[in-house]
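Asks: Dumping the structure here so I can ask a few things about it.
The values are calculated or read from the model by the stated rules, or taken from the named source; none is laboratory data. As the structure is a computational prediction, the values presented were derived from the model and not from experiment. Heads up, the Cβs are rebuilt from the backbone with ideal geometry, glycines too, and the neighbour counts pull from every protein chain shown. We work out accessible area using only protein heavy atoms, side chains counted, and drop any ligands, DNA or RNA first. Shrake-Rupley method; radii C 1.70, N 1.55, O 1.52, S 1.80 Å.
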Amino acid sequence: MSEDNMHLYEVFIRSKRGLDHKHVGSLHAEDPEQALEYARDVYTRRSEGVSIWVVNSSHIFASQEDDNESFYDPMDDKPYRHATHYQLPDAVNNM
Amino acid sequence: MTESMNKTEAELTDTFQARVDDEQKIEPKDWMPEAYRKNLIRQISQHAHSEVIGMQPEGNWITRAPTLRRKAILLAKVQDEGGHGLYLYSAAETLGITREELIAALQSGEAKYASIFNYPTLSWADIGAIGWLVDGAAIVNQVSLQRTSYGPYSRGMVRICKEESFHQRQGYEIMLALSRGNDEQRAMAQDAINRFWWPSLMMFGPHDADSAHTGQSMKWKIKRQSNDELRQKFVDQTVKQVEVLDMNLPDPDLKWNEERGHFDFGEIDWDEFKRSMTGGGPCSRQRVAHHIQAHEEGAWVREAMRAYREKQKARDDQAAA
């Protein structure tokens, strides 16, 4: 069997209970179980995490940074979405 | 691989409680007592429904906001509430319940939402009072819930608190503008405070002694502070804010208690709370009816999306064949 046929998996690790899984890298494997074992061997040798997710890379649908302008607006023209936009008297400014 | 293999329920419960006691979060795939799961689904879905139903009383003023700036702010706030509903529904779904089941429970009246949203928004000042008092009360509760024991709920709360930081300030800013206005504007602001103060205090739920869920929820650390503790915190922080507005809270019993180091306040009308909570609030029927109507009117969009997906799939299958 050629290595070309191996699937690419993205690896996500939860470093501690309560935190989100974070992307740490990728690897090749034949199936999800094997990907999980490889991820364990490669990405958690120094107690980096308590939980691993592996996701077939082809299942990730991603936006492109070049498309940002037409795809989403950073909302920089909407400063009122931020708390700092509102000037309140000092006595109540810790609201 | 799963921790539930070869262990008795009592052992699993011990492991679970030890984890909670140790301030570790519980994550979706962990073993958890069935009652913990049920309690969480009830609380998180009630919270989600409140975010979504809460869009109605505020949405009522979007077209009538006094300036373009106020309108843009109100739109952004109501949009946030919809997003917060989504975060919370998703957190509830990690516990093995579907979105359809959650929505059905809201529409049948089986699930509750915050009774405050059953009150009407009669004037522009109500939008100020809601942002300042209702979001203020919600934030007190949500800040505490950032430390809840269930991971997805906790992470949702962190996200929501961050986004909500502007909600209370924009409400207070509306009240501040009215409080510095003419007599009519000041009267309007005071009237809104009079109507929203007590319902805001009701948002924290029944007294600890009368709360069906508090004891167990505290042991499981679903709740981190009791209803009465959080309510007291809200009263204490709000008094100063009312003084700056030079307005009054409608409670003759409100006074500083040196010994306790807190403000004393009067008794809530619990009959009104019960009435409003069980569908007898001024706008209860309207809120649920509107939700059902919007849901039904959106059915064609969901159907069209499904039809498109099926057509594309058929085309792909044909190409592959």
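Asks: With a 1.4 Å probe on protein heavy atoms only, tell me which residues of segment A:59-84 lose at least 30 Å² of accessible surface in the complex relative to the chain by itself.
Replies: When all protein chains are present, A:80, A:81, A:83 each give up 30 Å² or more of accessible surface.
Asks: Normalised by the residues of chain B, what does the relative contact order come to in percent, with Cα pairs under 8 Å and at least six apart?
Replies: Relative contact order, chain B: 19 percent.
Asks: A further question follows. Taking amide hydrogens as modeled 1.01 Å from N in the peptide plane, which residues meet the under 5 Å criterion relative to residue A:51, leaving out close sequence neighbours?
Replies: Residues meeting the amide H criterion: A:14.
Asks: Considering only DSSP beta bridges with both partners in the protein assembly as shown, what is the antiparallel share in %, to the nearest 5?
Replies: Bridges in the protein assembly as shown that DSSP calls antiparallel: roughly 95 percent.
Asks: Roughly to the nearest percent, how much of the accessible area of the protein assembly as shown is carbon and sulfur, given a 1.4 Å probe? Write down the numbers at each step before the final one.
Replies: Numbers: 12080 of 23200 Å².
Whole-percent figure for carbon plus sulfur exposure: 52.
Asks: May I pose another question? Let's test the formula: R0 of 30 Å, r as the Cβ-Cβ distance of residue B:90 and residue A:65. What FRET efficiency results, to the nearest 0.05?
Replies: 0.70
Asks: What number comes out for the charge environment of residue B:245, summing +1 per Lys or Arg and -1 per Asp or Glu over other residues with Cβ under 12 Å away?
Replies: My count for the surroundings of residue B:245 gives 0.
Asks: Sticking with this one: For segment A:3-61, what is the convex hull volume of the alpha-carbon atoms per residue, in Å³?
Replies: On the way: hull volume 4.5 nm³, N = 59.
Expressed per residue, the convex hull around the Cα atoms of segment A:3-61 is 77 Å³.
Asks: Find the centroid of the Cα atoms in segment B:87-164 and in segment B:197-229, then give the distance between the two in whole Å.
Replies: Using only Cα atoms to place each centre, the spacing works out to 15 Å.
Asks: Residue B:308 versus residue B:248, label points 7 Å from Cα toward the beta carbon: distance in nm?
Replies: Output for this residue pair reads 5.8 nm.
Asks: Something else now. Note the buried accessible area between B and A here, summed over both chains, with a 1.4 Å probe, in Å² to the nearest 100.
Replies: 2000
Asks: Could you give the length gained by full extension between residue B:63 and residue B:185, i.e. 0.36 nm per residue of separation minus their alpha carbon distance, to one decimal place?
Replies: My answer for the length gained is 42.0 nm.
Asks: Describe numerically, in nm with one decimal, the distance between label points set 7 Å from Cα along Cα→Cβ at residue B:216 and at residue B:7.
Replies: So the two model labels end up 2.1 nm from each other.
Asks: A further question on this structure: Mean separation of Cα pairs under 8 Å and 6+ residues apart, divided by the residue count of segment A:3-61: what relative contact order is that in percent?
Replies: 43
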